[in-house]
1. Look at region A:242-255 and say how many of its residues are small (Gly, Ala, Ser) and over 10 Å from the mean Cα position of the chain (by Cα).
2. For region A:96-117, enumerate the residues that are among the small types (Gly, Ala, Ser) and either in contact with a His (Cβ under 7 Å, 6 or more places away or on another chain) or buried (at least 19 other Cβ atoms within 10 Å of the Cβ) (or both).
3. Being of a type outside the set (S, T, N, Q), more than 7 Å from chain A (Cβ to nearest Cβ) and touching a residue at least 12 places away in the same chain (Cβ under 8 Å) is the filter here; which residues of region B:74-96 pass it?
4. Output the qualifying pairs, or none if there are none: Cβ atoms under 9 angstrom, residues six or more apart or on different chains, first residue in region A:6-23 and in contact (Cβ under 8 Å) with a residue 12 or more places away in the chain, second residue aliphatic (A, V, I, L, M) and open to solvent by 60 Å² or more (accessible area, probe 1.4 Å).
5. Do we have residue A:239 as more than 20 Å from residue A:15 (Cβ to Cβ) and part of a helix (DSSP H, G or I) here?
6. Looking only at helices (runs of 4 or more DSSP H) that fall completely inside region A:1-83, which ones have 2 or more residues that are open to solvent by 40 Å² or more (accessible area, probe 1.4 Å) and touching a Pro at 6+ places or on another chain (Cβ under 9 Å)?
7. Scan region B:134-149 residue by residue and report those that are more than 14 Å from chain A (Cβ to nearest Cβ) and open to solvent by less than 10 Å² (accessible area, probe 1.4 Å).
Amino acid sequence: MALFLARRLATMLATLMAASVVLFLVLDILPGDPALVMLGTEAQADTLAALRRQMGLDQPALTRYLAWIGGVAVGDFGLSYTWRLPVAGLILDRMAVTVPLAALAIVISTAIAIPAGVLAAASHGRAADWVIIAASQIGVAVPNFWIGILLVLGFSIGLGWLPSGGFPGWEAGVGPAIAALILPSLALALPQAAILARVTRSSVLEVVGEDYIRTARAKGLSRSQALWRHGLRNALIPIVTIIGLQFPVLIAGAILIENVFALPGLGRLIFQALGQRDLIVLKDVALLLAGLVILVNSLVDITYTLIDPRLRGRVA
Amino acid sequence: MLDVRDLAIAINGMPALEPVSFSLARGQSLGIVGESGSGKSLLALALIGLLPPAAKATGVIDFEGRDLLTLDEAALCQIRGASIGMVFQEPMTALNPAQPIGRQVAEGLVLHRGLDRMGAAAEALRLLERVRIPGAAGRMAQYPHELSGGQRQRVGIAIALACQPTLLLADEPTTALDVTVQAEILDLLADLAAEDGLALVLISHDLGVVATTTARVMVLYAGQCVETGPTADVLANPRHPYTAGLLRAMPGAAGARLQTIPGSVPPLGQRPTGCSFRDRCGLADAACAERPDLIAVAPGRHVACHHRDQLP
């Protein structure tokens, strides 16, 4: 297991390095001069040149890449061009919003999708199955930001139960902070839940015909007991795979949703940084997100071995 | 205790099992023999109420005074695993690969006997020892893939016997195992059934398996009971040409050339009119165009063949 984890970690670092190179190159090609954005279009040519020199923009690409990645390696994420603040602090503030948002969305989507998928499989071809398929079809078809707008119309403007946007900050208390995250995480979770419910349904349906389900029935378990106790765990590998694959989609969705709900999260930070050509913020946030995605993928791989004891031997 | 009367099974309206009747008291054993497609596994699934949705059973399965075919699902769940245990063919796939075997044995105990986790685990260990799994205590936490085929089948038997059922169904329990292990598993089944005074229904395509294990035998061909009687009697003196053919097809004395029955079991919906075996039978003649009834040829001995007296 230790060897497995070490190998996993090495792969993660290599992937992250590759991602950083791609990121750097893409942002380097991106048109727009940060110095020009900072000084405005009326700026004098020599002031611009001086600022470029001060920001290191006149250096060759390789030097700039090494300076960036070397800083990141020792925890120095650089200084934002526009906020004039250390990027590390900016990111930490925003993560306090985005990480709970994403986690809540994953919890909600799993809590909806797995029972719905198992129920659909257990009542295969009957009414409950059709209702769940139809609902998930709608969920897949509707974009999350539009669901967000509908949720605001229903729950904050119509019923007045939850805030329509903004974030009071964790210092305002856990209750109000969570309340501010419920609608956005629901908007993120519902389309994901729709896909996950379908995967769960087909995965469980595949397991239904297995001999050990028949053994479980012969013990006296009802159809749904046999599915929950013996089917689900064996059906879990494709489900966990999809949860892992959905994570980057969730992060991308968070950029839209944070803007719909005016949440000061990483997504909104990336959106603002992009508008202001704040390349250093953009690079750091994108690298962080890439790291998160890679981390989640590794967690998924490790989860496989927890789910299926047969995979453990091969790993050790 | 078990009284089956005119049990017939149809799949999507096509008859898969023609009406069969038999009864079994505690301590008695019945072997059901036939090739694949003879309806023997459907019969076993009907006895525990787990027929696939496409299959419809008619007739009466009177088990301890209740007709299983008229019971609802909840009542069947009370009986399955509690009063009727079943051992399946494939020990490789019949156990949940993601659950330790101790828990799989204990599950029925929690369900039917209301034991708590600790009590069920202790009882599961006793059962694993009873089915002669060496080092059972150390194996409780192991997963099925860590066990050999024979040991997995022992776990399957422990699961079936967990709640002390009165009827044990074994559907080809040794088919997937090595020959040396087969004999051990059969001995174990026979011993355990005798110790507990169980009624045992053993299903196999192999007359040899049934010969050593059950007192009575029923031979099925293409969904029809063609011969039934005391096992020793039927094997020594078969009266149906199909039974005789099965016996000749068994590997016997060294050097003897193995004989086969020409052709194969007709698929569902393509069974011939009249005697279903006549296309493959050396004795078939015009009389066989009419379906032979099961006729008593001796006390407890029935044969469905117009030429039952022509076999040597």
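The values are calculated or read from the model by the stated rules, or taken from the named source; none is laboratory data. The shown structure was predicted, so the numbers you read here are calculated from the model rather than taken from an experiment. Reconstructed Cβ throughout: ideal geometry from the backbone, glycine too, with neighbour counts over all protein chains shown. These area figures cover heavy atoms from the full protein model, side chains too; ligands, DNA and RNA do not enter into them. Shrake-Rupley method; radii C 1.70, N 1.55, O 1.52, S 1.80 Å.
1. Residues meeting the conditions: 0.
2. A:102, A:105, A:109, A:113, A:116, A:117, listed by residue number.
3. If the condition is that a residue be of a type outside the set (S, T, N, Q), more than 7 Å from chain A (Cβ to nearest Cβ) and touching a residue at least 12 places away in the same chain (Cβ under 8 Å), then B:76, B:79, B:84, B:85, B:87, B:91, B:92 are the ones that fit.
4. Every condition considered, the pairs that remain are A:12/A:295.
5. Judged against the criteria, residue A:239 is a match.
6. A:45-55
7. Hit for region B:134-149 is B:136, nothing else.
Yes/no per residue for (1) surrounded by 13 or more Cβ atoms within 10 Å (Cβ to Cβ); (2) basic (Lys, Arg); (3) at pLDDT 90 or above:
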site: A:120; (1), (2), (3): yes, no, yes
site: A:142; (1), (2), (3): yes, no, no
site: A:147; (1), (2), (3): yes, no, no
site: A:157; (1), (2), (3): no, no, no
